[in-house]
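Notes follow once the structure below has been shown.
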Amino acid sequence: MVVIDLFSRKVVGWSIRPDMHRSRIIDALKMGLFQGRLAKGELTFHSNRGSQCGSEDFRLVLNQPAIAPSMRRRGKCWDNAVTETLLASLKLEWLPGKHFPTIREAKYMVFDWLL
């Protein structure tokens with residue numbers, strides 16, 4: 001899961017887990033908020049239509065700093081084009097042929113690539 005500041009086009013938060021738990025998106029958003037990496041001003045958090053983004057836990061995190069939620073339109077995959085392009089580069093260009101002995105090592109290598 002990645003959070004990208006569309007103003008600066010920088011990855012400001014990320015989280016990797018072996019499952020699809022909603023804490024992935026919460027951790028990634030909190031990373032961007034707590035490190036002060038998100039552009040100042042009114043924030044809109046745009047996401048896909050996954051169940052993690054619609055969870056009550058995630059909505060509570062959005063309400064704390066008053067972030068406006070925005071979900072992509074049904075059937076409009078290009079609404080998330082920036083994120084999809086980043087993840088496609090990771091999956092198709094960087095990951096093929098790489099083997100990681102542990103999940104921890106995989107996380108470190110992906111984090112290094114993101115930065």
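Values in this text are rule-based calculations from the coordinates and carry no lab data. Quick caveat: nothing in here was measured; it's all calculated off a predicted structure.
Of note:
- Karplus (6.51, -1.76, 1.60) ³J(HN,Hα), θ = phi - 60°, over the stretch 2-16, in Hz, Gly and Pro reported as x: 10, 10, 10, 7, 5, 5, 8, 6, 10, 6, 10, x, 7, 7, 10
- Amide hydrogen neighbours beyond the local backbone of VAL12, cut-off 5 Å, H modeled: VAL3, ILE4, ASP5
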